1. Work out the charge dipole of the range A:1-78 with +1 on the Cβ of Lys and Arg and -1 on the Cβ of Asp and Glu about the Cα centre, then indicate which of A:Gly10, A:Asn59, A:Tyr24 is farthest towards its positive end.
2. Given the options B:Ile26, B:Ile274, B:Ile185, state which has the largest fluctuation in a GNM of chain B using a 10 Å cut-off (strictly under) for Cα springs.
3. Roughly how crowded by other chains is peptide A:32-44, in terms of the mean Cβ count from those chains within 10 Å of each of its Cβ atoms?
4. Of all the Cα-Cα pairs you can form in chain A, what percent are over 19 Å apart?
5. Take every residue in peptide B:307-314, count the Cβ atoms of other chains within 10 Å of its Cβ, and give the average of those counts.
6. What number does the range B:89-347 give for Rg over Rh if you use C-alpha atoms and the Kirkwood radius?
7. For a quick check of your reading of the filter: which trypsin sites (Lys or Arg not before Pro) in the range A:96-138 sit in a DSSP loop and have no more than 10 other Cβ atoms within 10 Å?
8. Compare A:Ser28, A:Ser134, A:Ser80 in a GNM of chain A, Cα atoms joined below 10 Å, and give the one with the largest fluctuation.
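Taken together, the values in this text are just the output of simple stated rules run on the coordinates, not laboratory data. All values derive from a computational prediction rather than experimental measurement. Note that we place each Cβ from the backbone using ideal geometry, even for glycine, and neighbour counts take in every protein chain shown.
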Amino acid sequence: MSYFGDIYRGIKTLLTGMSVTGKYFLHSRKGAITQQYPDNRDTLKMFDRFRGEVVMPHNENNEHRCTGCQKCELACPNGSIEIIWDRQIDPESGKKKKMIDQHIYHLGMCTMCGLCIEACPTDAILWAQNFENSVYNRAYLTKVLNKPGSKLMPGVEE
Amino acid sequence: MNISLSITKNIHNWLFSIMPEGVASITEMVLIAVVYLAIFAVAGLYLVLLERRVAAWFQLRIGPNRVGYQGLLQTMADALKLVSKELTGTIKADKFLYNLAPYFVIVTSLMALALFPFTQEFQAFDINIGIFFLIAISSIGVIGILLGGWASNNKFAMIGAMRSGVQTISYELSVGLSLITMVLISGSLQLSEIVEVQKNGWLIVQGHVPAVIAFMIYMIAGTAETNRAPFDLVEAESELGAGFHTEYSGMKFAYFFLAEFINMFIIAAIATTIFFGGWLSPFGITESIPILGLFWFLGKTLVLIFLMMWFRWTFPRLRVDQLLTLEWKYLLPLNLLNIVLMALIVWLNLTIQF
């Protein structure tokens, strides 16, 4: 009879649901996803896919991977990236070559869409997991990503 | 009034020695009322905290843990904040009924508390129609909700109150019938006597199959009685704002909120008394220490409250038609069958006695 069958199935599915939530309840100590932020500031590590701000990593010789191709500048939908570049003589080959002077990033205008990072052909810019981005003056939000005196890492352009 | 643990007996004798009898008994009643009010206002607040912590654990969160050790003072602070807040109201509200409604709800839930035998002699009001009185009192609370929803002059509050009326009137029937099933086996309506009967085994063991069915029906209907999820369509946030208490603020809102949690305690306490032996310890292991009855009673009640919280954080909310289908097509016929079954078992002496 489907009347009692319905009752049986109803109770069974309710108990299934309760066992699922019961397991969550018992594992809540280990599995809690809440971060008690200011307390665990020293140990808190953001997950890898978190989009904090755009950075340009440099190696120990103060070399970066940006060729100044401006693809990120074109890809950015709201003009957060500005690249100041000129043609200089490359000291190794002696030829004139496009080089970046300053890679300017306006964090205040950035919507963290990530199009610049997808567009970069040499993986020169990456997401950082830093999330404490507040500053006292708006001007501090404009950042120069390449460090002073840095140059292109050899072998990136090949 | 038969509170007669030794300390209360001393106070009783002292009161009657310094005053004429009439004045003394009135003073005693007032004292007991104040003590119950204080205990259960605080207990209600801690139930709110428990609910929040349990909800957090079910959702893999931490819950309030900042105010006091592990958040123990959180709800106290909330209550203080609510007391200090302005009582706003709508201009077109029916002022008299609007102000009356919260007191209906809180007073009925506090009245019901007087009946519970917390331990052997710790019971404020041992009336011989105990269960009948409880059922009667708990259906008055819905009047407060209806009044609040009606007098607020707000369509959401109105819809919430009407839903509450539908729900409580329907499920009142199931609560009553499942308790009647147990009255068949206990043979008494008086709560202290029902506990006495269970010295030969808790009623859920004595009555085995029909008792378990009655307990399940009682828990479902009891959850619906207190307007808690999955039967919280009275205050369905996504549809009605806050339901019948949309227009209430400050302490009047807190009364509704507190009453909800005290009602939850009442439902669990009735189940403890009727099904799980009240203050009796399992197999009589602490029978020699009567004060531990309080511990057993509160322990069993808290387990049942936890069960209701478990329901709340597992099941999705029902629609109105599903709610009524559940009651009138499933719970009610099963309940009537269950009464016949229980009557047969009691008649043929098939109960399990230790």
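1. Selected residue: A:Gly10.
2. For chain B, modelled as a Gaussian network with Cα springs under 10 Å, the answer is B:Ile26.
3. Mean shielding by partner chains, rounded to a whole number: 2.
4. In whole percent, the share of Cα-Cα pairs in chain A beyond 19 Å is 67.
5. 3
6. With Rg and the Kirkwood Rh in hand, the quotient comes to 0.99.
7. none
8. A:Ser28
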